[in-house]
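A short reminder: the numbers here are calculations on the coordinates, not readings from a lab. In this text, all values refer to a predicted model and were calculated from it rather than measured experimentally. Positions of Cβ are backbone-derived with ideal geometry, glycine not excepted, and every protein chain shown enters the neighbour counts.
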Amino acid sequence: MPIRKGALSFARFRLSGDVPKDTRRWLTKALASRAFEGIDPKGDEERASGFVELEQSERTDFAPGSVFEGLSALFAWRVERLRVPSQALRGQLSEWAQAFEQKNGRAPGRREKTEQKDVIRRALRSKTAPTVKVFDVSVDLGARELQVWATARSVVDEVTEALESSLEVRLVPCVPASQLDADALDRLAPTTELFGDELSRPAPAEVA
Amino acid sequence: MGSRRQASAETKFLRGETGVDGAATKEQVDPAQAEQAKASEALYRGRTWLGRECLTWVLFASNDTRPIATLDDEPISVLFNGRLTLRAASGDVTEVTAKGVNAPYAGLIRQAADLGLLVHSARLSLTWQERVYEVTLDAEHFDVRAGKTPELLKEDESEKLAERLDHVATLGRLIDAVVSRFIALRTSPRWKKTIVPELKAWMREHGPASAATPTGRR
């Protein structure tokens, strides 16, 4: 659990926007609204994600004692993936195709193969356990700062998107540009003496 | 040979790589141009250029014995140690990575910086109130990577967590204080008048590297 031990690796954000006085209720409600729900083995979903308690990542009760530690809120983002191993699928399909040919005196047609592939896939899916990854999240309610303890940018983006929509705030990354207001930022441009003459060419459209 | 060439052309057509006239179906992209476009896009994405200017200024300022910034009226000093990555917006060389305890202060790094390869990521140690924090920062996101705090003193697990979270908050404040100092200089007239010329002069001091200490200590 990275929050508790080991080297520190996290993305930092500031909460921008109105934060209600009852921060605990506000945060708990937001977590519950985007709580983790597991993958249905009978369905077609390959991935599921959502918030869980930090200490027990199967739980989504978010009791105050499990989330709040002084002025900090600690919880986690759980990601499950259920992928049928393609090698097993191919192997079983190949065995079935051979048996089919022996029985019927001909190789299975494309539609027959597709149908059987689906049957095998569903059978394998019901026997495959999902892989689970859990990423810690901490919120300093006093300083209005948030840390997502993940190195993969896709995870950081997914967590911040979920929090922004459920908390109805903006999460501003703690980068140098965030210490300037929009007008001041618009007036700034890369220092030509440092970056070189190539900057006299037009900049590509800004990617947020 | 002729039939082999013909077979190759036929194979390309069957693969969809060429049309009936033999011309390529997809636009051939010059790899060098594609690389330049990628480097340029990376520079402007999320205003990464400002992060690179910041980290480069911090490297320059860390040569000075004076504190780089303050937090709660206490000085912060910064030292670069270990791995350093420089990136450019364009040019034949778009990235350089240097390893070595004193690598960040080597003449070679200043020479590269003078050519437009600015600091994109670096390992720093920040010292404040006799506490030392280590962190790797990158110019695009300023995420904390592989951060180390002073040793925890509490024994109780719950108190240890609170102490660790306190260090997390302090590390964040230290990084913000250093960035804030940079922003104050960057948005002042001093930036172009004084600091950029000083930066360029420091970059051009790229004589043979001094082995033991950061060079150019003022």
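Among B:Thr70, A:Thr60, a tally of other beta-carbon atoms within 10 Å of each Cβ gives an order, fewest to most, of B:Thr70, A:Thr60.
Projected label points at B:Ser125 and A:Glu95, each 7 Å from Cα along the beta carbon direction, are separated by 5.9 nanometres.
With the simple spin-label model, which puts each label point 7 Å out from Cα in the Cβ direction, the A:Thr192 to B:Leu185 separation comes to 2.2 nm.
Using R0 = 25 Å, the C-beta based FRET efficiency linking A:Gln56 and B:Asp73 works out to 0.05. Legend: Rg and Dmax of chain A, from Cα coordinates, 24.6, 78 Å.
The stretch between A:Leu71 and A:Asp18, if pulled fully straight at 0.36 nm per residue, gains 17.3 nm over its current Cα-Cα span. Peptide B:192-198 shows a mean partner chain C-beta count of 1 within 10 Å per residue C-beta. Listed values for region B:168-183 are Karplus-derived 3J(HN,Hα) couplings in whole Hz (6.51 cos²θ - 1.76 cosθ + 1.60, θ = phi - 60°), namely 4, 5, 5, 4, x, 5, 5, 4, 4, 5, 5, 4, 4, 4, 4, 4, and x replaces Gly and Pro.
Rounded to whole numbers, the Karplus 3J(HN,Hα) couplings from phi for region B:36-41 are 5, 5, 5, 5, 5, 4 Hz, using 6.51 cos²θ - 1.76 cosθ + 1.60 with θ = phi - 60°, and x at Gly and Pro. Amide H contacts under 5 Å for A:Gly50: A:Arg78, restricted to partners 5 or more places along the chain or on a different chain, H placed in the peptide plane at 1.01 Å from N.
The Cα atoms of the protein assembly as shown give a gyration tensor whose axes a ≥ b ≥ c have a/c of 1.5 or more with a/b no greater than b/c, which makes the shape oblate.
Note on B:Ala9 and A:Arg110: with the Förster distance fixed at 25 Å, the Cβ-Cβ geometry gives a FRET efficiency of about 0.20.
Fewest neighbouring Cβ atoms within 10 Å first, the residues B:Trp191, A:Trp77 line up as B:Trp191, A:Trp77.
Legend: mean number of C-beta atoms from other chains within 10 angstrom of residue C-beta atoms, peptide A:2-9, equals 6.
For chain B, the relative contact order comes to 21 percent (Cα pairs under 8 Å, sequence separation of at least 6). Converting phi to 3J(HN,Hα) with the Karplus coefficients 6.51, -1.76 and 1.60 and the offset θ = phi - 60°, region A:108-124 yields x, x, 4, 5, 4, 4, 4, 5, 5, 4, 5, 4, 5, 4, 5, 5, 5 Hz in sequence order, with x at every glycine or proline. Expressed as a whole percent, the proportion of Cα-Cα pairs in region B:47-203 lying more than 25 Å apart is 31%. Quick one: grab the alpha carbon gyration tensor of region B:51-111, order the square roots of its eigenvalues as a ≥ b ≥ c, and give me rounded if a/c is under 1.5, else prolate or oblate depending on whether a/b is larger than b/c. Prolate. Using a cutoff of 8 angstrom between alpha carbon atoms and counting only pairs six or more residues apart, the relative contact order for region B:41-80 works out to 27 percent. For the residues of B:101-114, the average number of beta carbons from a partner chain within 10 Å of their own beta carbon is 0. From helices alone, chain B scores -13000 deg cm²/dmol at 222 nm; the rule is -39500 (n - 2.57) for each run of n ≥ 4 DSSP H residues, then divide by the residue total. Note on A:Ile39/B:Thr97: beta-carbon distance plugged into 1/(1 + (r/R0)^6) with R0 of 41 Å gives a FRET efficiency of 0.55. Which shape class, rounded, prolate or oblate, goes with region A:100-139 when its Cα gyration tensor gives a ≥ b ≥ c as root eigenvalues, a/c under 1.5 marks rounded, and past that a/b bigger than b/c marks prolate? In terms of gyration-tensor shape, prolate. Here each label is just a point 7 Å from Cα along the line to Cβ, and for A:Lys133 and B:Ala146 those points are 2.0 nm apart.
Database remark: amide H of B:Thr70 closer than 5 angstrom to the amide H of B:Ile76 (H placed geometrically; neighbours at sequence offset of 5 or more, or on other chains; Pro and chain starts carry no H). For B:Gly147, the residues whose modelled amide H falls within less than 5 Å of its own, excluding neighbours fewer than 5 places apart on the same chain, are A:Leu8, A:Ser9, B:Thr136.
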